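No lab work stands behind these numbers, since they all come straight from the coordinates. Because the structure is a prediction, the values reported are computed rather than measured. Ideal geometry is used to build each Cβ from the backbone, glycine not excepted, and the neighbour counts take in all protein chains shown.
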There are 2 protein chains.
Amino acid sequence: MAQASSEPRAPLSRELVLRAAVAIADADGIEALTMRRLGEAVGAEAMSLYHHVANKGDLLDGIVDLVMAEIDELAERTAVPDDDWQQAMRRRILSAREVMLKHPWAPRLFETRTTMSLAMIRYHDQLVGLMRAGGFSYDLAHHALHALGSRALGFSQELFDPAAGAGPGSERMLRDMADQVPHLVGMVTEIAHDDPDSTIGWCDDQAEFEFALDLLLDGLDRRR
Amino acid sequence: MAQASSEPRAPLSRELVLRAAVAIADADGIEALTMRRLGEAVGAEAMSLYHHVANKGDLLDGIVDLVMAEIDELAERTAVPDDDWQQAMRRRILSAREVMLKHPWAPRLFETRTTMSLAMIRYHDQLVGLMRAGGFSYDLAHHALHALGSRALGFSQELFDPAAGAGPGSERMLRDMADQVPHLVGMVTEIAHDDPDSTIGWCDDQAEFEFALDLLLDGLDRRR
DNA sequence: ACCTGAACACCGTTCAAGT
DNA sequence: ACCTGAACACCGTTCAAGT
């Protein structure tokens with residue numbers, strides 16, 4: 001039994017399964033995360049996973065909790081005195097965004113989960129806490145959570161992404177239908193002229209995110 | 001051949017296939033929309049559909065275009081003089097929202113499509129047009145589109161939905177973990193007290209949507 | 001040109017059986 | 001208690017064959 005210690009692998013656990021799942025999503029995207037592939041990754045059959053997660057939905061919920069834990073961790077490390085509610089909120093939300101950028105599949109996953117995990121509830125509770133400390137009524141804090149939406153967690157769905165379908169073609173494509181979308185063509189042309197480097201991916205996602213976030217936070221401050 | 005006119009059904013077409021697909025999604029949700037089910041609905045085999053749509057992705061893109069057309073139609077019917085950019089934008093976006101409410105599956109579908117259809121590009125072009133007429137620079141209009149995100153199309157993903165998992169249980173559940181989420185408990189308690197009818201579904205989605213929309217539009221107006 | 005039936009390569013999941 | 005292999009009921013899609 002010389003190789004007895006190398007052959008049998010560590011026993012499975014929910015923790016181990018979830019971490020392997022995140023690793024697969026990070027490496028190959030969330031659509032690559034199948035029960036069979038996950039089983040392979042932990043050195044077991046797909047069916048063995050069901051002893052540690054109830055089903056695939058439970059697996060995905062577990063992943064969300066793992067990401068939330070990562071956000072909590074980062075937020076605590078970079079905590080800031082909360083005498084300025086706006087600065088504190090801004091900091092916390094941009095921390096969440098940092099984590100989201102490390103897991104590009106996370107936003108879409110968060111959107112599809114229908115039940116809110118305890119970790120997610122606690123996160124929003126903390127945001128309300130920051131706003132209360134800043135003098136918000138419960139009512140306004142409530143409106144604020146709705147207004148922020150997913151932006152509270154550091155992401156926003158970009159339905160309008162002129163850079164998508166990208167390459168240098170997208171700008172030319174727009175120009176080809178100049179008569180149908182005159183205003184967008186004007187917009188792209190002017191911005192491309194101001195910053196010639198930006199033909200590909202001419203939207204600075206981080207800047208756009210912060211612009212929208214500050215727009216909302218400023219507006220809330222005014223209604224406080 | 002007396003029954004020859006009743007037996008053979010109308011020949012398939014892309015239009016017919018897409019409309020049937022929307023009907024299925026409206027009736028039973030987007031997850032009920034499978035190629036086999038859709039084939040059945042139009043009285044053909046699933047495989048026949050591939051003569052009218054390239055694949056399932058193309059089918060979904062087609063559905064998005066259909067919904068966009070519906071939005072355009074309603075917007076034109078309810079058009080408003082655009083001397084007030086903010087009022088014009090508000091009107092147009094709330095029209096889009098009306099259509100989204102008729103197709104509850106649409107927001108999730110819109111989010112998952114990666115390529116922007118011509119109809120969607122045109123919609124955003126019109127929004128830019130409204131803003132330009134209101135004195136916006138291209139740069140600010142560009143920021144505005146990003147800041148609005150999916151809200152420009154009349155929906156927002158509600159990650160924070162205290163009413164979810166709902167029933168009268170959700171409030172009790174929150175109270176059970178009062179020590180973990182003190183601020184949310186306080187918020188729910190106060191709002192429930194102010195409006196006792198609101199225990200179930202105590203968030204007025206339409207009001208929240210308009211609050212957030214006005215917050216953004218007011219903020220944009222100030223930076224105009 | 002349009003439609004069909006059988007088949008393929010995937011899913012998540014159940015179940016009886018192993019240790 | 002934990003893990004396995006075969007099987008089931010689904011997917012979207014390919015392909016050769018029909019009219």
What are the aspartates and glutamates whose alpha-carbon lies under 12 Å from the alpha-carbon of residue A:102, with same-chain residues fewer than 8 places away excluded? A:26, A:70
For the range B:12-53, shape from the Cα gyration tensor axes a ≥ b ≥ c, cut at a/c of 1.5 then a/b versus b/c, turns out prolate
With the label 7 angstrom out along Cα to Cβ, how close does residue A:214 come to the same site in each of the other copies, in nm, nearest first? 2.5
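Rounding to the nearest 20 debye, state how big the charge dipole of chain A is about its Cα centre with +1 on each Lys and Arg Cβ and -1 on each Asp and Glu Cβ.
Numbers: 22 positive and 37 negative charges, 165 e Å.
Using only the charged Cβ atoms, the result is roughly 800 debye.
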Return the calculated 222 nm mean residue ellipticity for the protein assembly as shown, to the nearest 500 deg cm²/dmol, obtained by summing -39500 (n - 2.57) across DSSP H runs with n ≥ 4 and dividing by the residue count. -19500 deg cm²/dmol
Size of charge dipole - the range B:68-159 - debye, nearest 20, with Cβ of Lys, Arg +1 and Asp, Glu -1, no other charges: 200
In nm, one decimal, shortest first: how far is the label point of residue B:65 (7 Å from Cα along Cα to beta carbon) from the matching points in the other copies? 4.5
Among chain B residues, which Cβ is nearest the axis of the B-onto-A rotation, and at how many Å? B:219, 2
Restricting to Cα pairs under 8 Å and 6 or more apart, the percent relative contact order of the range A:12-53 works out to 40
Calculate, for residue A:23 and residue A:58, the FRET efficiency according to 1/(1 + (r/R0)^6) with r their C-beta to C-beta distance and R0 25 Å; round to the nearest 0.05. 0.85
Enumerate the calculated ³J(HN,Hα) couplings along the range B:25-40 in order (Karplus 6.51 cos²θ - 1.76 cosθ + 1.60, θ = phi - 60°), each rounded to whole Hz, writing x wherever the residue is Gly or Pro. 4, 4, 6, 10, x, 5, 6, 7, 7, 10, 4, 5, 5, 5, x, 4
Using the Cα centre of the protein assembly as shown as the reference point, and only Cβ charges (+1 on K/R, -1 on D/E), how large is the resulting charge dipole? Debye, rounded to the nearest 20. 720
Just want to confirm a number: the relative contact order over chain B, from Cα pairs under 8 angstrom separated by 6+ residues, in percent. 16
Considering only B:42, B:18, B:64, whose Cα is most displaced toward the positive end of the charge dipole of the protein assembly as shown, charges sitting on Cβ of Lys, Arg (+1) and Asp, Glu (-1)? B:42
Express the relative contact order of the range A:52-153 as a whole percentage, based on alpha carbon pairs under 8 Å and six or more residues apart in sequence. 34
Treating the angle as unsigned and between 0 and 90°, give the value, to the nearest 10°, between the Cα long axis of helix A:182-194 and the longest Cα principal axis of chain A. 80
